[in-house]
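Before any comments, here is the structure.
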Amino acid sequence: MNAEMKKLLFGASVVVLLIAGYYALTMPDTRTPSQKLGDAIHELDKGPDKAARQLEDRTPGQKAGDAIKDMTEPHNTEQ
């Protein structure tokens, strides 16, 4: 393979990976209402706002964003 063909193949691979990543992060929420309720109950110990998030339809990208936000928030040490 010459260098030009390798560049073209690499570029096409990057485009395919970007498209696949976009679709993976924007897939619709397919959980049933009972699964959402179960997830909300599981999250109650982290606070009612985090539990309420579980009742909404959210994409995997939104869920990842919430997880990152939760990790960067300062923890409440008062108990």
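The values are calculated or read from the model by the stated rules, or taken from the named source; none is laboratory data. These numbers come from a predicted model, not from an experiment. Don't worry about glycine lacking a Cβ; one is built from the backbone with ideal geometry, like all the others, and counts go over all protein chains shown.
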Item checked: Residue list for region 24-42, restricted to those being without any contact (Cβ under 8 Å) to a residue 24 or more places away in the chain and assigned to a helix (DSSP H, G or I) -> P33, S34, Q35, K36, L37, G38, D39, A40, I41, H42
Notebook entry, point to check: Looking only at region 31-73, which residues are closer than 22 Å to G21 by Cα and polar (S, T, N, Q)?
Noted result: T59, Q62
Next item on the list: Please go through region 43-73 and pick out each residue that is surrounded by fewer than 12 Cβ atoms within 10 Å (Cβ to Cβ) and part of a helix (DSSP H, G or I).
Entry: D45, K46, P48, D49, A67, I68, K69, M71, T72
Checklist line | Members of region 1-16 found to be surrounded by fewer than 10 Cβ atoms within 10 Å (Cβ to Cβ), not in a loop (DSSP other than H, G, I, E, B) and not hydrophobic (A, V, I, L, M, F, W, C), listed by number | finding: E4
Notebook entry, point to check: Could you give every pair whose Cβ atoms fall below 9 Å, whose first residue belongs to region 1-23 and is farther than 26 Å from P60 by Cα, and whose second residue is at pLDDT below 95 and not in a helix (DSSP H, G or I), counting only separations of at least 6 or pairs across chains?
Noted result: L9/M1
Item checked: Residue, nearest to A64 (Cα to Cα), within region 17-42, restricted to residues that are polar (S, T, N, Q) and surrounded by 11 or more Cβ atoms within 10 Å (Cβ to Cβ) -> T26
